[in-house]
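Each value in this text was obtained by applying a stated rule to the coordinates, not by laboratory testing. What you see is a predicted model; the values in this text were computed from it and never measured. Positions of Cβ are backbone-derived with ideal geometry, glycine not excepted, and every protein chain shown enters the neighbour counts.
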Amino acid sequence: MKEITIEELLAKAEKPSQEAMRLHAFYKGKIGVQLKCRVRSFEDFAIWYTPGVAAVCKEIHQDREKAYDYTNKWNFVAVISDGSRVLGLGDIGPEAGLPVMEGKGLLYKYLGGVDAFPLCLNEKDPDRFIDIVKALQPTFGGVNLEDISHPKCFKILDTLRVECEIPVWHDDQQGTACVTVAGLINALKIVGKKIEDVRVTMVGAGAAGVAIVRLLMAAGVTPGNILSVDSKGILHRDRSDRDILQSKFKEKWDICLKTNEKQVKGDVPDAIRGADVLISASKQGPGTIRKDWVKTMAKDAIVFAEANPVPEIWPWEAKEAGARIVATGRSDFPNQVNNSLGFPGIFRGALDVRAKTITDEMCIAAARELAKVAEDHGLSEEYIVPNMDQWEVFPREAVAVGSKGIEQGVARKPAPAEERFKIAEAIIKQAREQVQLLMKEKFIIDPDA
């Protein structure tokens, strides 16, 4: 693996930033509204609008579920943020967060055939935020929460998952956790270790870190074998700040109660020592995780350094320190843990069965299918998760998620797996081909032509 200096990395990162400024200004946004029905003449307006549409309205009034049949509710997802934790930029506000939410909409459409609509709210109060999202339910088949600061993101997600009639998902939590679990499943196959036996250290206890620990336990990692570390050290029941954790950071306190069976105390180096698996969703590196710490891990160690754009430790440094398998969040290193492998297919599956929620078990089903796709292509130490260009990932993931939803009784529209695969495949194929056709016909203009 070629070493990359900070200077080379920054130079490489500069070009996408420059192109982003140029092309966002050129296109004035990345997504828009496109008709999906025919308009043969102005007479068709009487069908799509008044007076004809009144018959459809009356039908839905008699049965609200008919909105899924007569409107785009079945494929609409709201991407909602308050702009309080956008990428690595912090609280930059809803307007500055809008380009990110539009980008999420682009990925939803191109990878999953999902019509995702960005909604950036000028509302930081979690209770009012929850009320707004609940009020939006009649229009959407699902909600993707995005870039919301913690700890309020936990309350918002957990409340909405219980109180909404449509699936609510927080990609910074569930998406990161899902793809991480998928990578770990395959990494353990390569090193020949069982998930219930491994000792796992989680560095970072923000939205992603907490969600990863939750899903690891649900996927079979023994809770007592997990050590989680935040900025004040290893989480354990005797922490000096336990009163604050219990009152303001209940999710962290829950981890204190469920993990760290031996009540290990200390900081990051103490948590890493002897671990089979190190997962970090912490501050950018390099140097956040040190080589000499990785050297103290168990034989055939697995290291996931997920900070972007600079991982907590360079992959080659982790390898030199004895790690056998290394993953990052970057596309230019092997084993990219990328949320985009998860949410388009997961929501495709949830929408196709009209799910009422996305359960942890549905997330694990998605993770196992992601792992299976990579296994079908041939696992190696540098290939433990699929790439985004292996587009069969998304319909396969959709089927797995929908099947688990049907099994758990949260699906409004159960259907055979084969039928759902054909539907998902067709929707995703159409979304991609539409973009290519619009480019070919110059409705999407080439700025350099």
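Points to keep in mind about this one:
- Cut-off 16 Å, label 7 Å out along Cα→Cβ of Asp91, residues of the stretch 143-165 by amide N: 147-154
- 11 Å beta-carbon shell around Pro138, net charge (K/R +1, D/E -1): +2
- Residues Leu121, Leu245, Leu351, sorted so that the one with the fewest Cβ neighbours within 10 Å comes first: Leu121, Leu245, Leu351
- Net +/- balance of residues flanking Arg128 in space, Cβ distance below 15 Å, scoring K and R +1, D and E -1: -2
- Neighbourhood net charge (13 Å Cβ-Cβ; Lys/Arg +1, Asp/Glu -1) for Lys58: 0
- 5 angstrom amide H check on Phe117, placed H, neighbours 5+ away: Val77, Ala78, Val79
- Straight-line cross-link reach from Lys232 at under 18 Å between alpha-carbon atoms covers these lysines, not counting any fewer than eight positions away in the same chain: Lys248, Lys250, Lys252, Lys265, Lys283.
- Ordering of 132-140, 112-120 by packing is 112-120, 132-140, highest average first (other Cβ atoms within 10 Å, averaged per residue).
- Here the Karplus curve 6.51 cos²θ - 1.76 cosθ + 1.60, taken at θ = phi - 60°, turns the phi angles of the stretch 55-71 into couplings of 4, 5, 4, 5, 5, 5, 4, 6, 8, 4, 5, 5, 4, 5, 8, 10, 10 Hz, with x standing for Gly and Pro.
- What the Cβ-Cβ distance of Val33 and Ser380 gives, at R0 = 56 Å and to the nearest 0.05, is a FRET efficiency of 0.80.
- Exposure proxy order (Cβ contacts within 10 Å, fewest to most) of Arg420, Arg412: Arg412, Arg420
- Contact order normalised by residue count of the stretch 25-166, Cα under 8 Å, 6+ apart, percent: 26 percent
- Measure of compaction for the stretch 175-416 (Cα Rg per 2.2 N^0.38 Å): 1.00
- Cα long-axis angle, helix 94-112 against the chain (0 to 90 degrees, to the nearest 10): 80 degrees
- If a spin label sat at a point 7 angstrom from the Cα of Glu65 along the line to its beta carbon, the backbone N atoms of the stretch 398-416 nearer than 19 Å would be those of 402-416.
- Estimated vicinal HN-Hα couplings, Hz - the stretch 123-133 in sequence order (Karplus 6.51, -1.76, 1.60; Gly, Pro = x): 8, 9, 6, x, 5, 5, 4, 4, 4, 5, 4
- As a length-normalised measure over Cα pairs under 8 Å and 6 or more apart, the relative contact order of the chain settles at 14 percent.
- This ranking places Arg324, Arg161 by how few other beta-carbon atoms lie within 10 Å of each, fewest first, which gives Arg324, Arg161.
- Protection proxy ranking, peptides 429-437, 180-188, average beta carbon neighbours within 10 Å, highest first: 180-188, 429-437
- For the stretch 154-309, relative contact order (Cα pairs under 8 Å, six or more residues apart, normalised by length) works out to 22 percent.
- Put simply, when 83-89, 440-446 are sorted by average Cβ atoms within 10 angstrom per residue, most first, you get 83-89, 440-446.
- Anchor Lys440: lysines whose Cα lies under 21 Å away (excluding residues fewer than 8 positions away in-chain): Lys28, Lys30, Lys36, Lys109, Lys429
- Computed 3J(HN,Hα) for the stretch 322-332, one whole-Hz value per residue from the Karplus formula 6.51 cos²θ - 1.76 cosθ + 1.60 where θ = phi - 60°, is x, 5, 8, 10, 10, 10, 9, x, 9, 7, 8, glycine and proline marked x.
- Taking amide H as placed 1.01 Å from N in the peptide plane, the amide H of Leu227 sits under 5 Å from that of Val200, Thr201, Met202, each at least 5 places away or on another chain.
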